[in-house]
Amino acid sequence: MVRVRFAPSPTGYLHLGGARTAIFNWLFARHHGGRFILRIEDTDRSRSTQESIQEILEAMRWLGLDWDEGPYRQTERMEIYRREVQKLLEEGKAYYCYCTPEELEERRKKALEEGRMPKYDGRCRERRGPREGVNPVVRLKVDQEGETVIQDLIKGEVVYPNSQLDDFILLRSDGTPTYNFVVVVDDALMGITHVIRGDDHLNNTPKQIQLYRALGYEPPRFAHVPMILGPDRARLSKRHGATSVLAYREDGYLPEALFNFLVRLGWSHGDQEIFSREELIRYFSLEHVGKSPAVYNPDKLLWLNAHYIKTGDTQRLARLLTPFLSKEGLIQEGEEPDPDWLCRVVETLKERARTLKEMAQMAAFYFREPQGYDPKGEKKFLKPQVLPYLEGLVQELEALEDFSEGEIEEAFNRVIARFNIKLKHLAQPCRVALTGKTVSPGIYEIISVMGKEKALSRLKKAIQHVRKKERSEALSH
Ligand code: GLU
């Protein structure tokens with residue numbers, strides 16, 4: 001039975017790299033009908049925070065990454081770690097080291113000066129009894145002969161000469177355990193079969209394998225996933241994407257778009273780009289995770305998000321849109337526009353909005369009058385010649401009982417026929433009058449969704465505006 005884990009350190013947000021690791025583990029578990037375990041690696045008490053834990057859990061829920069066990073917290077497992085250290089000490093596989101940080105630093109400097117690799121020289125291995133006034137650390141007796149071979153499921157065979165390793169610390173002098181120690185104890189005791197994680201941990205793996213052996217546990221299989229690079233092929237930075245997963249929610253991305261995007265950063269299935277969750281579960285395998293780093297492409301994320309908005313369920317989009325409307329100041333906070341009406345609004349915008357934020361901005365004209373007209377649009381379309389057309393339209397619309405798209409279209413057709421003009425000669429002035437802009441969704445739909453009252457009042461306002469302009473121009477000549 002496959003058992004995998006996601007093991008974030010709660011020292012900040014869940015960022016894109018972490019989320020992708022979580023997704024790969026989750027998909028691997030779901031594909032194999034295994035278990036996905038969540039473990040919070042919070043032994044670094046000075047950097048771990050409760051807010052960070054909450055943030056990580058919320059981001060995982062938002063992405064739909066449900067876990068089968070946990071969240072375990074390492075700070076609640078201290079007894080277990082102490083017991084395991086005790087076992088190693090008793091078996092002579094670990095020892096107390098009384099070298100002080102100052103002494104270690106001095107030796108490190110000397111090694112560098114002499115061109116040697118700085119590493120702990122093992123001098124406390126044979127030491128008997130404590131040293132006055134020094135709190136010891138506990139170190140593992142590492143086998144420095146031969147080599148450690150990792151059969152990595154992504155990288156292939158990776159060989160480390162053990163001479164590069166030193167007797168690394170298991171317990172610090174304040175008694176807290178180190179990452180390399182607890183990660184092995186937990187993975188072993190939690191029965192983890194596959195460790196799937198970022199390749200920034202590859203260098204830790206030979207140490208961890210030695211520790212498995214010392215503890216008498218079978219090491220799991222390892223799969224080290226290459227980094228995500230920024231568009232400039234440097235490390236992914238805050239500027240592009242190292243930000244939190246939840247920041248993408250704030251910016252109006254849908255979780256399924258970000259999920260799809262992250263999976264494709266490193267994994268592929270032919271040249272398919274868009275995957276349902278079921279397809280991902282069916283197709284996911286570590287064999288198709290690439291060996292080289294993936295490059296973050298924000299345009300692709302936008303493209304995917306646009307796709308999921310376009311094809312998304314309108315009622316759900318309307319619900320998700322509401323907070324963005326209030327952020328844009330279009331409704332009061334906590335206010336709920338009529339759901340059926342909001343669905344109609346969304347229907348007119350989902351074809352073109354790439355994010356929910358964009359959709360809210362595009363929806364502005366449904367909620368408030370144009371705050372001034374687009375200057376080019378006004379110059380081109382709101383001029384005295386169009387007054388009769390707009391007045392004709394007002395008359396026609398006023399007479400409508402049924403304010404449906406179909407009826408509105410027929411009203412337009414009557415005006416067009418009466419003045420013998422083309423649709424654009426009426427539609428463009430009308431669009432500027434209603435939305436302030438020269439581009440909008442289809443004119444009949446927006447009029448219908450806007451409703452009779454708003455549409456007529458804005459048309460009349462525009463008519464007055466043109467008349468006033470005409471008068472003041474006449475006066476100045
Ligand atoms: N807590 C470690 C991290 O966040 C997990 C490393 C691992 O997966 O072993 O980087």
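All of the numbers you see were taken from the coordinates with simple rules; none came from a lab. Quick caveat, the model's predicted, so the values are computed rather than measured. Quick reminder, even Gly has a Cβ in these numbers, built from the backbone with ideal geometry, and neighbours come from all protein chains shown.
Things worth noting here:
- Mean-position separation - Cα centroids, region 337-404 and region 101-143, in angstrom: 75
- Computed with the Debye formula from one identical point scatterer per Cα of the chain, without solvent, the log10 of I(q)/I(0) at q = 0.07, 0.08, 0.12, 0.13 Å⁻¹ comes to -0.56, -0.66, -1.06, -1.18.
- Cβ-isolated cysteines (cut-off 4.7 Å), the chain: CYS99, CYS343, CYS430
- Evaluated at q = 0.10, 0.12, 0.21 Å⁻¹, the base-10 log of the normalised Debye intensity for region 5-138, with identical point scatterers placed on the Cα atoms, takes the values -0.56, -0.73, -1.12.
- Each of LYS468, LYS461 was scored by other Cβ atoms within 10 Å of its Cβ. Arranged with the fewest first, they read LYS468, LYS461.
- Placing pseudo-labels 7 Å out from each Cα toward the beta carbon at ARG47 and LYS376 gives an inter-label distance of 5.0 nm.
- Charge dipole (debye, nearest 20) of region 325-455; +1 at Cβ of Lys and Arg, -1 at Cβ of Asp and Glu: 1000
- Set of lysines near LYS119 by C-alpha distance (under 19 Å), chain-local residues within fewer than 8 positions excluded: LYS93, LYS109, LYS110, LYS141, LYS207
- Over the chain: helical MRE at 222 nm, DSSP H runs n ≥ 4 each giving -39500 (n - 2.57), nearest 500: -14500 deg cm²/dmol
- Fraction of antiparallel bridges per DSSP, the chain only, in percent to nearest 5: 55
- Exposed loop sites, defined as GluC sites (Glu not before Pro) outside DSSP H, G, I, E and B with at most 12 other Cβ atoms within 10 Å, are absent from the longest region of the chain, namely 146-332.
- Distance cut-off 14 Å, percentage of C-alpha pairs in region 62-131 lying past it: 75
- In region 114-255, the ratio of gyration radius to Kirkwood radius, Rg to Rh, stands at 1.07 when only Cα atoms are counted.
- On Cα atoms only, tilt of 101-113 relative to the major axis of the chain in degrees: 90
- Spin-label model, ARG128 to ALA474: label points 7 Å out along the Cα-to-beta-carbon direction sit 11.6 nm apart.
- Since only TRP303, MET190, SER46 are under comparison, the one whose Cα sits farthest along the positive direction of the charge dipole of the chain, derived from C-beta charges on Lys, Arg, Asp and Glu, is TRP303.
- The angle between the Cα long axis of helix 423-435 and the main principal axis of the chain comes to about 60°, on a 0 to 90 degree scale.
- Alpha carbon Rg of region 413-468, scaled by the compact-globule rule 2.2 N^0.38 Å: 1.11
- Sorted by Cβ density within 10 Å, fewest first, the residues LEU426, LEU246: LEU246, LEU426
- Subtracting the Cα-Cα distance of GLU90 and ARG282 from their residue separation scaled by 0.36 nm leaves 64.4 nm.
- Footprinting exposure proxy for MET117, MET227, MET190, MET60 (fewest neighbouring C-beta atoms within 10 Å first): MET117, MET227, MET190, MET60
- On Cα atoms only, tilt of 314-327 relative to the major axis of the chain in degrees: 90
- Residues whose amide H falls under 5 Å from that of CYS124, counting only those 5 or more places apart or on a different chain, are absent, with hydrogens built in the peptide plane.
- Built amide H within the under 5 Å cut-off of ARG5, gap 5+: ILE37, ILE196
- Less than 5 angstrom separates the built amide H of VAL289 from none of the residues sequence-distant by 5 or more or on a different chain.
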